[in-house]
Amino acid sequence: MTEPGLLDHTLAALVAAYVLYATLRGQPKAKELEFTTATKLSTYWANGTVLWLGAIAAAAVWLLAGRTLGSLGLTIEHESPGIGVAIAVAFVAWFAFETYREIGTPARRAALRARWQRDCPFMPETPRELGHFTYVAVTAGITEEIIARGFLISYVGWYTGSTMAGIAAAVAIPALVFAVAHRYQGRALMLRILVLALFFGAIFVVTGSLLIPIVLHALVDLAGGVLSYRLASGGQAREHRDAP
């Protein structure tokens, strides 16, 4: 990354302000809403629009500074593909283990469903909701990686330097910002998102490409949507069977 300019500083400040507002005001208020199907669909499309605007702004700022989109991570070329794939495999193994810990028994699945109903009432529970959620899941996979990994890691990395400690800080600081932005989902899930962000940041730094993080991010979000739908369907079936 070339030396950050006014537009870079402005975008970084806007991202920080958005995360701060969403964490302190927007997300707590959202929990007070009654999430009907109509509310969920409008939330998915509104959030998707905001994310696309942010990613487009990041790309525009990058290009206006005379940089290439490839240096933002928007490239299929990978500097160390073997290491990147190894980190990705480690992430998939960790994610599979964590998911099993949450859904391995009926009691755990019931607890997860109750927690999501409390902390994430916007998650899909019907086929129609899941269909629209797919849009925001793929959108988040693309746009959040451009903003949180491609832009922020490069931006922070300019100041932290190219030493091992500097690179680690450049990965960790945006990961913390990304995790805090999801604080409304509860402490346990926020910590999981922090680990996820560290994995994705490491892949980006090692490979110089956002391709693997984008694919993994979208798949994780899609898996969450499908799991939410399956948990809701199972819970409704049990409630129907238990009804007098």
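Has segment 158-171 got any residue that is within 17 Å of Y18 (Cβ to Cβ) and buried (at least 18 other Cβ atoms within 10 Å of the Cβ)? No: segment 158-171 contains no residue that is within 17 Å of Y18 (Cβ to Cβ) and buried (at least 18 other Cβ atoms within 10 Å of the Cβ). Residues of segment 68-111 that are assigned to a loop (DSSP other than H, G, I, E, B), crowded, with 16+ Cβ neighbours inside 10 Å and more than 19 Å from the chain's Cα centre (by Cα): T75, H78. Checked against the criterion of being part of a helix (DSSP H, G or I), touching a Gly at 6+ places or on another chain (Cβ under 9 Å), closer than 29 Å to G234 by Cβ and of a type in the set (A, V, I, L, M), the candidates V206, V195, V171, V136 yield just one match: V136. For beta carbons closer than 8 Å, sequence separation of 6+ or different chains, a first residue in segment 153-165 that is aromatic (F, W, Y) and a second that is part of a helix (DSSP H, G or I), the qualifying pairs are Y155/D8; Y155/A12.
For segment 33-51, filtering for residues that are over 17 Å from A16 (Cα atoms) and either within 16 Å of the chain's Cα centre (by Cα) or assigned to a helix (DSSP H, G or I) (or both) leaves 12. Taking first residues from segment 1-12 that are surrounded by 12 or more Cβ atoms within 10 Å (Cβ to Cβ) and partners that are of a type in the set (K, R), the Cβ contacts under 8 Å between residues at least 6 apart in sequence or on separate chains come to M1/R67; T2/R67.
Any read-out appearing in this document is the output of simple, stated calculations on the displayed coordinates, not a laboratory observation. Nothing here was measured: the structure is a model prediction, and the numbers come from that model. When we count neighbours, we look across all protein chains shown, and the Cβ atoms used for this are built from the backbone with ideal geometry, even at glycine.
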